[in-house]
Amino acid sequence: MHFDSAFVFDETVDLEAVAAGTEELPLSAYPAVQTAALGYLDEAIGLASGASWTLPTGWIRGNGFSAADFVRICNAFYVRLLAQMNR
């Protein structure tokens with residue numbers, strides 16, 4: 001939300017190859033970064049909706065959020081991104 005470009009990556013990117021210089025991780029313009037972030041949040045919301053798990057307390061600053069709590073957090077970040085990325 002503060003820069004005009006950023007790296008977009010997920011679990012499929014080989015960060016060791018990027019660090020070694022054998023693979024490039026290009027910068028993406030902020031509209032593409034926002035689209036990717038909203039897509040990842042949509043996916044997280046979809047996976048957590050209706051689920052009955054609780055996150056381990058060590059994952060997010062000592063908070064063991066339930067799936068419903070996690071959905072609310074994701075929705076809050078979704079709205080925040082929508083509101084703050086309009087330039």
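Consider only pairs whose beta carbons are under 7 Å apart and that are at least six residues apart or on different chains; among these, list those whose first residue lies in the stretch 17-31 and is in contact (Cβ under 8 Å) with a residue 60 or more places away in the chain and whose second residue is not in a loop (DSSP other than H, G, I, E, B). Nothing qualifies.
In the stretch 68-87, the residues that are in contact (Cβ under 8 Å) with a residue 40 or more places away in the chain form Cβ pairs under 6 Å with partners that are aliphatic (A, V, I, L, M) and open to solvent by 60 Å² or more (accessible area, probe 1.4 Å), at six or more places apart or across chains, as follows: Gln84/Met1.
From the list Thr54, Thr35, pick out the single residue that is more than 21 Å from Leu81 (Cβ to Cβ) and either polar (S, T, N, Q) or over 13 Å from the mean Cα position of the chain (by Cα) (or both). Give the steps one after another, and end with the answer.
Details: Thr35 fails: more than 21 Å from Leu81 (Cβ to Cβ).
Matching residue, one of Thr54, Thr35: Thr54.
For the stretch 18-54, filtering for residues that are open to solvent by 70 Å² or more (accessible area, probe 1.4 Å), over 17 Å from Ile73 (Cα atoms) and touching a helix residue (DSSP H, G or I) at 6+ places or on another chain (Cβ under 8 Å) leaves 2. If you go through the stretch 1-26 and keep only what is out of contact with any Phe, Trp or Tyr (no Cβ under 6 Å at 6 or more places or on another chain), more than 18 Å from Leu82 (Cβ to Cβ) and among the aliphatic types (A, V, I, L, M), you end up with Val13, Leu15, Ala17, Val18, Ala19, Ala20. Going through the stretch 50-69 one residue at a time, which ones are among the aliphatic types (A, V, I, L, M) and assigned to a helix (DSSP H, G or I)? Residues satisfying the conditions are Ala67, Ala68.
Just for the stretch 1-17: of the residues that are outside any helix (DSSP H, G or I) and among the charged types (D, E, K, R), which one is farthest from Cys74 (Cα to Cα)? Please lay out each step first, then the result.
So the first thing to find is which residues in the stretch 1-17 are outside any helix (DSSP H, G or I), and the list is 1-14.
Okay, now just the ones that are also among the charged types (D, E, K, R), so 4, 10-11, 14.
Details: Asp4: 23, Asp10: 17, Glu11: 19, Asp14: 26 Å.
It comes out as Asp14.
Considering the stretch 73-87, and only residues there that are of a type outside the set (Phe, Trp, Tyr), out of contact with any strand residue (DSSP E or B) (no Cβ under 9 Å at 6 or more places or on another chain) and surrounded by 14 or more Cβ atoms within 10 Å (Cβ to Cβ), the residue that is farthest from Met1 (Cα to Cα) turns out to be Cys74.
The values are calculated or read from the model by the stated rules, or taken from the named source; none is laboratory data. Predicted model, so just to flag it, every value in this text is computed and none were measured. So basically every Cβ, Gly included, is an ideal-geometry build from the backbone, and we count neighbours across all protein chains shown. Quick note on the areas: whole protein, heavy atoms, side chains included, nothing else; ligands and nucleic acids left out. Shrake-Rupley method; radii C 1.70, N 1.55, O 1.52, S 1.80 Å.
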